[in-house]
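> Got a structure for you, questions after.
The values are calculated or read from the model by the stated rules, or taken from the named source; none is laboratory data. Owing to the predicted nature of the structure, the values given are computational and were not obtained by experimental measurement. For neighbour counting, all protein chains shown are included, and Cβ atoms are generated from backbone atoms with ideal geometry for every residue, glycine included. Side chains are part of the model used for accessible areas, which takes the heavy atoms of the whole protein and leaves out ligands, DNA and RNA. Shrake-Rupley method; radii C 1.70, N 1.55, O 1.52, S 1.80 Å.
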Amino acid sequence: MKITLPTYQDQLTARRRMDGHVRHTPLLQSEMLDRAIGGRVLIKPEPLQHTSSFKLRGAMNAVLSLVEGGHTAGIVAFSSGNHAQAVSYAASHAGLPATIFMPADAPAIKTQATRAWGATVVPFDRLHDDREALARAESARTGAALIPPYDDARVIAGQGTLAIEIAEDAAALGLTADAMLVPVSGGGLIAGCALAMEALSPGTTIYAVEPEGRDDMRRSLISGEREVNGPGGSVLCDGLMSPNQGELTFAINRRRVAGGIVVTDEAVLQAMAFAFIHLKLVVEPSGAATLAALLSGAFDGRDRVTAIVLSGGNVDPVIFQRALATLSEE
C-alpha cells in the first residue's frame, strides 16, 4: 500500500495552524559548553515548551487538524509519557475528551501530568500488552480519533516546526549548523527535523542519538531495513524505548539521516547534571541524550557548529537525584 509522507509545505501549514498554541522556544548558547567540546553549540530547549516536551508540537497539529475537519468524538493515544501529556493538553484546549493508554511503570510525574490535563489514563503492561491494539480497539468502540506518537504525517509535520525555528534563529545569528543531533525513539522528531533542514539548511548533517541497546535507528540506517530492538537495553531513557522505527518515519529518515550515535546511561546522567548546573535547565534522560553525545565525545563537535535538541524535561525526582549524584563522583 502506498504511503503518503508529509512535506515541508505541511510543516509550514502546521506552523501557521499552531501559532499561539505552542511556544517558539529560544536557541541557547553556553560558553562553558563550547569550551568543553571545542566547538559552538546551539541548544534547542524543549523543556521550556508547554507540557515540557517537543511532543506538544505533533499532538497539537494533529488535534487542530481534526478540529478543522469537524471531529468532535474525542481523542485516543498510547504513550510512555510525553506524547500522553501533549495529547491530553491539546485535547483539553480543543474541548475534546481524551483517553490515553500508558505503561503501568511510566514515571509518576508523567502519568500525573496527563491526568491533570483531564485525560482518562488506562494503564497497560509494557512487556506483554500491545499498546497500539488497545488504542485502536478503543478508537473503534468510541469513534475517538487515534493520534499515534510518531508514525503519523500530522505529528511529523508538527514536530518539524522545531527545526524551522532552529534554522531561522541560527540564521539570525549569522550561523548555519554543520551538524544536528536529535534523540530518537520511533523517529517522528528526527523525520520532521530532517524534512525542515533539507529545505532550510541542506548543508546540515543530521544524526540520530539513541541509548545503549536501543539503537534500532543506527542499525536500520546501516541495513536499509527497519531493525527491531531485542530484550534488554537501557531503560533509563524511558522516552526512547520504541521497539523499532515507524513505517513513515523510516521512509523519510533512511535517505536524510547520516548515521546513529549511541550513548551510555552514565553519559546521560552526567549530561543531565551539566544541564542543571551550567544551563539552568531540568532535562529528563531522553532529552539529555544529545548533550551526552557531545560531552562524552561519542560525537566530535570540535571546530564546527552543532545544533542539539534537548527534547523534554519531565524527569522523575529519583532519577534526577541520581543525575546530580554524579557531580560528587567527579
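> Looking for whichever is open to solvent by 60 Å² or more (accessible area, probe 1.4 Å), basic (Lys, Arg), within 28 Å of ARG226 (Cα to Cα) and touching a helix residue (DSSP H, G or I) at 6+ places or on another chain (Cβ under 9 Å) here; the options are ARG115, ARG154, ARG126. Which one fits?
Selected residue: ARG154, the only one of ARG115, ARG154, ARG126 that is open to solvent by 60 Å² or more (accessible area, probe 1.4 Å), basic (Lys, Arg), within 28 Å of ARG226 (Cα to Cα) and touching a helix residue (DSSP H, G or I) at 6+ places or on another chain (Cβ under 9 Å).
> What number goes with the only condition from (1) without any contact (Cβ under 8 Å) to a residue 60 or more places away in the chain; (2) buried (at least 24 other Cβ atoms within 10 Å of the Cβ) that ARG57 does not pass?
Condition (1) is where ARG57 drops out.
> Select from the stretch 282-315 the residues that are of a type in the set (Gly, Ala, Ser) and out of contact with any Asp or Glu (no Cβ under 8 Å at 6 or more places or on another chain) and write down the one among them that is nearest to GLY203 (Cα to Cα).
Taking the candidates together, the pick is ALA307.
> Among the numbered criteria (1) closer than 15 Å to ARG322 by Cα; (2) open to solvent by less than 10 Å² (accessible area, probe 1.4 Å); (3) not polar (S, T, N, Q), which single criterion is violated by PHE276?
The failed condition is (2).
> In addition: If PRO6 meets every condition in (1) modelled with pLDDT of 95 or more; (2) open to solvent by 60 Å² or more (accessible area, probe 1.4 Å); (3) not in a helix (DSSP H, G or I) apart from one, which number is that one?
Of (1) modelled with pLDDT of 95 or more; (2) open to solvent by 60 Å² or more (accessible area, probe 1.4 Å); (3) not in a helix (DSSP H, G or I), only one is false for PRO6: (2).
> Turning to a different aspect of this structure: From the residues in the stretch 197-239 that are open to solvent by less than 10 Å² (accessible area, probe 1.4 Å), in contact with a helix residue (DSSP H, G or I) (Cβ under 8 Å, 6 or more places away or on another chain) and of a type outside the set (Ser, Thr, Tyr), which one is modelled with the lowest pLDDT?
Per the criteria, the residue is CYS237.
> A follow-up question, please. Pairs, please: C-beta under 8 Å, at least 6 apart or cross-chain, first residue in contact (Cβ under 8 Å) with a residue 60 or more places away in the chain and in the stretch 64-80, second β-branched (Val, Ile, Thr) and open to solvent by 20 Å² or more (accessible area, probe 1.4 Å)?
ALA73/THR142; GLY74/THR99; GLY74/THR142; ILE75/THR99; VAL76/THR99; VAL76/THR142; ALA77/THR99
> Failed condition for THR111, given (1) hydroxyl-bearing (Ser, Thr, Tyr); (2) at pLDDT below 95; (3) within 18 Å of SER242 (Cβ to Cβ), with all others met?
Condition (3) is where THR111 drops out.
> Restricting attention to the stretch 89-104, and to residues there that are among the hydroxyl-bearing types (Ser, Thr, Tyr) and in a helix (DSSP H, G or I), which single residue is most open to solvent (accessible area, probe 1.4 Å)?
Filtering the stretch 89-104 for residues that are among the hydroxyl-bearing types (Ser, Thr, Tyr) and in a helix (DSSP H, G or I), the one most open to solvent (accessible area, probe 1.4 Å) comes out as SER92.
> Considering only the stretch 241-255, I want to know if a residue exists there that is out of contact with any Asp or Glu (no Cβ under 7 Å at 6 or more places or on another chain), small (Gly, Ala, Ser) and not in a strand (DSSP E or B).
Yes, there is a match, as at least one residue in the stretch 241-255 is out of contact with any Asp or Glu (no Cβ under 7 Å at 6 or more places or on another chain), small (Gly, Ala, Ser) and not in a strand (DSSP E or B).
> Of the residues that sit in the stretch 9-32 and are in a loop (DSSP other than H, G, I, E, B) and of a type in the set (Ser, Thr, Tyr), which one is surrounded by the fewest Cβ atoms within 10 Å (Cβ to Cβ)?
Within the stretch 9-32, the match that is surrounded by the fewest Cβ atoms within 10 Å (Cβ to Cβ) is SER30.
> Looking at the stretch 294-330, which of its residues are open to solvent by less than 30 Å² (accessible area, probe 1.4 Å), over 20 Å from the mean Cα position of the chain (by Cα) and within 14 Å of ILE261 (Cα to Cα)?
Passing the criteria: only GLY301.
> Let me ask another. Kindly indicate which of LEU291, LEU248 is open to solvent by 10 Å² or more (accessible area, probe 1.4 Å), in contact with a helix residue (DSSP H, G or I) (Cβ under 7 Å, 6 or more places away or on another chain) and hydrophobic (A, V, I, L, M, F, W, C).
After ruling out the rest, the residue left standing is LEU248.
> When you look at SER65, is it among the hydroxyl-bearing types (Ser, Thr, Tyr), open to solvent by 20 Å² or more (accessible area, probe 1.4 Å), at pLDDT 95 or above and under 17 Å from PRO149 (Cβ atoms), yes or no?
So SER65 passes the test.
> Among the numbered conditions (1) open to solvent by less than 30 Å² (accessible area, probe 1.4 Å); (2) modelled with pLDDT of 95 or more, tell me where ALA258 comes up short.
The single condition ALA258 does not satisfy is (1).
> Let me ask something else. Scan the stretch 73-85 for residues that are modelled with pLDDT of 95 or more and open to solvent by 10 Å² or more (accessible area, probe 1.4 Å) and report the count.
Final tally of qualifying residues: 0.
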